[in-house]
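These notes are about the structure you will find just below.
The values are calculated or read from the model by the stated rules, or taken from the named source; none is laboratory data. Note that the structure is predicted; figures quoted are calculated from it, not measured. Don't worry about glycine lacking a Cβ; one is built from the backbone with ideal geometry, like all the others, and counts go over all protein chains shown. Just the protein is used for accessible areas: all its heavy atoms, side chains included, with ligands, DNA and RNA removed. Shrake-Rupley method; radii C 1.70, N 1.55, O 1.52, S 1.80 Å.
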Amino acid sequence: MDIESKSTFERCLVEGINIFTGAGFSLLAKDKQGRSLPIGDQLRQELLSEFPASPKTLQLPQLCTFISRSKKEDLNKYIKSRFDIGEYSRIYRYLENINPKYIFTTNVDNLLESVFSGSPKKYINNARLNGVSFRDKSSIDYIYLHGSVSDEESSLIFGDLDIANAFSNDPNRWNFFRSLMNKYPTLFWGYALRDAGTLQVFAEAIEDSNKKNSWIIVHPEYTSDDEIEYYRSLDLKIIVSDTESFLEYLKKFESSASAADDAYDNPFPEYSIPTHADIKHRAIQDFYEGATPNWSDVYSPRVTKLRFYSTVEEQVNRGKNVLITGGPATGKSTLLMQVAAFHDFKGVKLLLSDISSAKAKTIATKLSDVPSLLFVDNLQTSIEALNYLSTIKSLQLVIAERDYAYLSASNAKFLRRNIEVIDITSLSDVDAQTVVQNIPVDIRDRKTHELVEGDSLFELIERNCRTPSIKDRFNNVIADLRKKDEKLVELFLLACYLHTCRSVTSMDVLYSYFGRTYNHYQELYELIGILSSSLSEYAGAFAEEEQDYFAIRSNLLADHISTIAPTKDLAYMLETFHNNVPRFCVPNFDSFKRKAYDARLFERAFPNVKDGEEIYDVIYQKHQSPFNLQQKALYLSRRKDHQRAFEVIDEAIARGGSRNWSIKNSYAIIKFRANIDRKDTTDVRKALDESMDALEQCHSADVRKAFHAMSYADHSLQYWKKYRDSTAVSYLEKAQEWLKEESDADNRIGNVMRLLRQVDRVLLSARPR
């Protein structure tokens, strides 16, 4: 037996699940004459034999209609004799071990009434006759949609469920049944491709919030791969089993009590997950135009759950910590908030960002005996806190962070503690179609633009909207601000810079930055007031009562500072900031420093190497860290000043120690870049081989394997393009081995998988056939 998302499924069996039963469910039962119940075309053949005057080519629904016109009583008598249960396998009793809340059936037999008759644990409540039960844990509400041989007044239906008929005949009843279907996850049991119409009706009736938690049992021998793909297109997860094996599997739940209804007090209400009723709603267009996601978006039916939702939920149900990673604008925060909002958890759920070590200890103390699920955004601001929280047994972590490569090279010990890394960068075609369909019609482009390989979630959305692109909006903001006051451009870029470096804009920072330009705080507040459409007040963990703090409203705008901001404006802001602002007044400086001096940002801001070196020297004077020298060396390497880059990285190694593997990694990268495009000589090849050897040392000695494996793979691909010999193949083979170690079915990092695919393709072409 094989069950997709098994941990999630087993939890649903215990906590509550809907079951839809079709003909295959009743295979282990017999009528009162000891005959197995008919399935497939068997009943039609029996009726043709019993009523020989009937037309032979009619399908079962039409045949029943034809016979009932003249021999209705005889037909009903025959059907009742065939579906009135006389005996059934004892293993149906294992259904008592799980927690079905509602059982819907398209069968007309009375098997379930027979199985639960006299059960000490559960009883069948006929919802058609008695209405649904209320707060009765031993009741299973039973709803037969095609009639039942136990109910003389019900009409028996054979064939697909006719939703149009059902709705028009009794719309209130059908709407009520649909509301019941959406209360719990769902299992389809006993259906086959011939029931496709009925399955599609049910699948479409289940709203998106539950749709990802629906399973179907398929027979291991009689179900084709094409059928399974059809079921998956209905968002059904697959259970490969026959009815007998599945019933036997339910035996293991005999000792499982129903999920406890223990209520836990939340000692941190300020971090609790709001309900749909608690939130203030905003126009969903804001989300699709790039605004930072909020709870209104998360609860909106127009923000669909992508396939990654069920992957994350399955790992959480396995008791794992989860790291959601991916590039900018891939939906990490949205997914984190969706899991926080919709995942049922018997304990305390908190959503946090920017956790200090002191705060972490308070959380651990107050929740030490309480099962707790902590959702953490902006991980880089909370590394030390998470290192500590990951050691607390009662706490489980779900974290969102885009820079996995950086984390793998950082002191993030929790990455090696029972954690699954889920990269959400790549969208499936199904997800892409759903996303585009949910864009509000007033901003959606009339022409649908399909998913392009490498698209992030937002890039797909942006291409399918009629609104200005993020680049145009960024430039429009800059242009509008420049018309009013050049200082507004500086303030906007400064706020973006601080945000993307995991800090916030404090009044102390602003006063230091603008220096004597403004003699009073009130003048700064007036400047901030003009920028209120882009800045909002910040009241998070880094805020202190003595002053005000501000944050950029759009993560997307802030994240594009390094690719879109005008070079001269960016350079002026960085020069002014690093000359005027002392590091002790930067909120969350420990996280800020990890991103603030990044060579890629400075490469764009300072195309002139002399200017770039000068600002790095200012930074190093204020904060003499070998890592600042490391970024300066990488900057020089990117600007092709390789000789000077070597001098600086040598100094970084001297100050950081020869066993600082992150800096050694940069040394190897700089050495490789300096030589890979040079004309081939013995010395050039020797330098490239030494670079590869240095990366091997890093990978061998350091616990942060993914970071070094990706550098090694990238270099091995370039080495192959230059030499195409057995040495190049050996590097590729080693890269392939390391990348495979960093990837498995549940732990697929986008850059790792991308590099692995490239290495696989090159090796396939390189090896003799």
ask   = Quick one: would you say ILE103 is β-branched (Val, Ile, Thr) and assigned to a helix (DSSP H, G or I)?
value = no
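For (1) exposed (fewer than 15 other Cβ atoms within 10 Å of the Cβ); (2) at pLDDT 95 or above; (3) in a loop (DSSP other than H, G, I, E, B); (4) not hydroxyl-bearing (Ser, Thr, Tyr), each residue gets a yes or a no:
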| residue | (1), (2), (3), (4) |
| --- | --- |
| THR57 | yes, no, yes, no |
| LEU63 | no, no, no, yes |
| PHE66 | no, no, no, yes |
| LYS72 | yes, no, no, yes |
| LEU75 | no, no, no, yes |
| SER81 | yes, no, no, no |
| TYR92 | no, yes, no, no |
| LEU95 | no, yes, no, yes |
remark   = Within the stretch 570-584, the residues that are surrounded by fewer than 17 Cβ atoms within 10 Å (Cβ to Cβ), touching a residue at least 40 places away in the same chain (Cβ under 8 Å) and more than 17 Å from ARG516 (Cα to Cα) are ARG583
query = Restricting the search to the stretch 702-726, which residues are free of Cβ contacts under 8 Å to residues at least 60 places away in the same chain, under 34 Å from the mean Cα position of the chain (by Cα) and open to solvent by 50 Å² or more (accessible area, probe 1.4 Å)?
reply = ASP714, GLN718
ask   = Since LEU27 meets every condition but one in (1) hydrophobic (A, V, I, L, M, F, W, C); (2) more than 19 Å from GLU244 (Cβ to Cβ); (3) open to solvent by 70 Å² or more (accessible area, probe 1.4 Å), which condition does it not meet?
value = (2)
query = In the stretch 269-299, what count of residues is obtained for those that are surrounded by 17 or more Cβ atoms within 10 Å (Cβ to Cβ) and either within 25 Å of SER368 (Cα to Cα) or among the hydroxyl-bearing types (Ser, Thr, Tyr) (or both)?
reply = 6
key: In the stretch 272-295, the residues that are hydroxyl-bearing (Ser, Thr, Tyr) and more than 24 Å from PHE474 (Cβ to Cβ)   = SER272, THR275
task = Report, by residue number, each residue of the stretch 656-684 that is among the basic types (Lys, Arg) and surrounded by fewer than 16 Cβ atoms within 10 Å (Cβ to Cβ).
result = ARG659, ARG678, LYS679
note = (1) in contact (Cβ under 8 Å) with a residue 24 or more places away in the chain; (2) in contact with a helix residue (DSSP H, G or I) (Cβ under 7 Å, 6 or more places away or on another chain) all hold for LYS80 apart from (2)
task = Determine which member of the set LEU374, LEU386, LEU336 is assigned to a helix (DSSP H, G or I) and without any contact (Cβ under 8 Å) to a residue 40 or more places away in the chain.
result = LEU386
Of all residues making up the stretch 591-627, the number that are under 22 Å from ARG655 (Cα atoms), outside any helix (DSSP H, G or I) and more than 32 Å from the chain's Cα centre (by Cα) = 3
request  = All but one of (1) within 28 Å of ILE422 (Cα to Cα); (2) touching a helix residue (DSSP H, G or I) at 6+ places or on another chain (Cβ under 8 Å); (3) open to solvent by 70 Å² or more (accessible area, probe 1.4 Å) hold for LEU763, so report the exception by its number.
outcome  = (3)
message = Could you list, ordered by first residue, the pairs with Cβ atoms under 6 Å in which the first is in the stretch 271-297 and among the β-branched types (Val, Ile, Thr) and the second is assigned to a helix (DSSP H, G or I), at least 6 apart or interchain?
response = ILE273/ALA340; ILE273/ALA341; ILE279/TRP295; ILE279/SER296; THR292/ASN555
message = Looking only at the stretch 434-463, how many residues end up being outside any helix (DSSP H, G or I) and either surrounded by fewer than 17 Cβ atoms within 10 Å (Cβ to Cβ) or more than 22 Å from the chain's Cα centre (by Cα) (or both)?
response = 14
request  = Test each condition in (1) modelled with pLDDT under 75; (2) in a helix (DSSP H, G or I); (3) buried (at least 16 other Cβ atoms within 10 Å of the Cβ) for ASP160 and report the one that comes out false.
outcome  = (2)
